[in-house]
Amino acid sequence: MRNHSIDYAKIDLDLIWKNVFNFEERIAETMTMEAIQYSKKTAIGAGIVGGIAGGAVMYVIMSALMTQIGMGANCFAIIMGLISGQSYENALVPGITAHFLTSIAIGVAFGAVINIKKFHIHGFGKGVGLGIVTGVIAYVVIFLPIAMTALPPHMMDVMKMMPMTGETGMSEKGMKSNSMNEKGMAGTSSEMKSNSPMDEKTKMEEMNKMIMENTQKIFPMILAGALVSHIAFGAALGLVVTPIVKKAARRSEK
């Protein structure tokens, strides 16, 4: 009897292990069947549409950030235009164009990546996750190098132009206080006219110093805001691309 009970135990264990292996095989088959099959053309086309959508989301966030720090909603695009070599007066449209062309290029790269079998999108979770990873990579590879080199001087250029255009009140208070101090120091004397070149030079030095201090204060906020906007860009990219490739996959199955 003991020998028979041991044999039954062995049989039961063998059956259990067989069921476990069969279950794992079924899971693998199911995952393979659930993979969305789509063409490279579809993936890249979806990436372009997603890149435009993500670029729009990023632009809104960066414009809100620029408004919050007192630089004006369009300053993000203007700075982009200045970086691309345009003058302040003509920088807005080229800046917007450069921003969306970059967004489209990132979308194309995303479409090419999700066409690789390992990165095929199974659903919104993976689509959004890959999109966010793409946004963070774009932040590190594209935005940070620009932010650490070209961004600060062009930000200072924009701040210098703003008091003349009246787009923001960031520097107007400082200018008013400086002019009041100058008047007080001048008193009733008429020497200010004869010393005007020196006064203008001093005023410009004070203005540059104030602008540099303001740039240093707001720069960390811009870096943090840009990271958030790139994450939002990636999430929007994934949200838009996923239903497009899923719909294309359903059509191909029919």
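The values are calculated or read from the model by the stated rules, or taken from the named source; none is laboratory data. Everything numeric here is computed off the predicted structure, so don't read it as measured data. Cβ atoms come from the backbone with ideal geometry, glycine included; neighbour counts cover every protein chain shown.
Taking the range 62-72 as the range and being at pLDDT 90 or above and small (Gly, Ala, Ser) as the test, the residues that pass are SER63, ALA64. Given the condition without any contact (Cβ under 8 Å) to a residue 12 or more places away in the chain, more than 23 Å from ALA235 (Cα to Cα) and surrounded by 15 or more Cβ atoms within 10 Å (Cβ to Cβ), answer yes or no: does some residue in the range 92-109 qualify? For the range 92-109, residues without any contact (Cβ under 8 Å) to a residue 12 or more places away in the chain, more than 23 Å from ALA235 (Cα to Cα) and surrounded by 15 or more Cβ atoms within 10 Å (Cβ to Cβ): absent.
To keep it simple, each residue is scored yes or no on (1) at pLDDT 90 or above; (2) among the hydroxyl-bearing types (Ser, Thr, Tyr).
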residue	(1), (2)
GLU167	no, no
SER171	no, yes
LYS183	no, no
MET198	no, no
ALA226	yes, no
SER252	no, yes
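If the condition is being without any contact (Cβ under 8 Å) to a residue 40 or more places away in the chain and within 26 Å of ASN214 (Cα to Cα), then the range 125-140 contributes only VAL140.
For ILE83, are the conditions met, namely being crowded, with 21+ Cβ neighbours inside 10 Å and in contact with a His (Cβ under 8 Å, 6 or more places away or on another chain)?
no
Listed by position, the helices (runs of 4 or more DSSP H) contained in the range 32-133 that have at least 1 residues being among the charged types (D, E, K, R) are 40-68.
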